[in-house]
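Every read-out reported here was derived from the displayed coordinates using simple, explicitly stated rules and does not represent laboratory data. Everything quoted here is computed from the prediction, not taken from an experiment. Ideal geometry is used to build each Cβ from the backbone, glycine not excepted, and the neighbour counts take in all protein chains shown.
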Amino acid sequence: MKKLIVCTFLLGLWACLSDTEKYALFDRNKFADHILTVPIDKVPTLDKFNQTYWAKNSLKVHTVILIPYDFANQRFGNAATPTVIPLSALSWSASLHRTSLELYPDAQGKVYNQHKELLSNTAIKKMFQAHLLNRGKNPKLAESPQKAWVDIFMLPQQPLHSIAPLLGVLAEAYTETLASTPNLAPGMIKHLLYLRKRIQIKKNN
């Protein structure tokens, strides 16, 4: 009961913060200078993103690409936008993370799970938060917050603009969890979000 009261209090404080304060973790200046920042007009589709990512990552220098992101409006920004979303890629043939949260957004921005069930923003937030805080309790979820990977599956020519709201929801879920969980390391979000080419998803049982 005491823990619940503390979490509620901390989330109340988080809600009172400005967008600038809430998303300070995503300030471009918090990332190393050598990490590539690419406006969305340079990588408008998943294919273009992958081409840019692997051209740089083949040298083992870049582990993420930073995409300018406007958190106030949950949309991608431009070169002048001070905040960014860190994204990584997995190649077509790469195996799945063993315990990833799988999300399947369509071109209209609707998001489904691997069983083709439509997910609300609230459901996505709860799923990601449970994934982050699982700590090995549920074998289908993350062993630790550091392994709470999110695999976002898209068609190769799908516009990245279609996932802008989803990224905002995931970032909000992470920052809310961070606000109520003192031992959650802020920097982990930099290594959790992966874009993947879509494979055939499972049918409902």
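Going down the list LYS30/LYS197; LYS48/LYS140; LYS116/LYS140, which pairs span over 27 Å between their C-alpha atoms? Walk me through the numbers before you get to the answer.
On the way: LYS30/LYS197 29 Å; LYS48/LYS140 32 Å; LYS116/LYS140 18 Å.
Cα-Cα > 27 Å for LYS30/LYS197; LYS48/LYS140; rest within.
For the modelled label position 7 Å from the Cα of THR181 along Cα-to-Cβ, which residues of segment 97-121 have backbone nitrogen atoms closer than 16 Å?
Within reach of a label on THR181: 99-102.
Given an 8 Å cut-off on Cα distances and at least 6 residues of separation, report the relative contact order of segment 4-199 as a percent. Walk me through the intermediate numbers first.
Working: 327 pairs, mean separation 51.5, N = 196.
That works out to 26 percent.
Residue separation times 0.36 nm, minus the C-alpha to C-alpha distance between HIS34 and LYS126: what's the value? Before the final figure, lay out the partial values.
Numbers: separation 92, 0.36 × 92 = 33.12 nm, distance 3.35 nm.
Additional length available on full extension: 29.8 nm.
On full extension of the chain, what length is gained from ASN78 through GLU21, given 0.36 nm per residue of separation minus the C-alpha to C-alpha distance? Intermediate results must be reported in sequence, preceding the final value.
Numbers: separation 57, 0.36 × 57 = 20.52 nm, distance 2.01 nm.
The span from ASN78 to GLU21 would gain 18.5 nm if fully extended.
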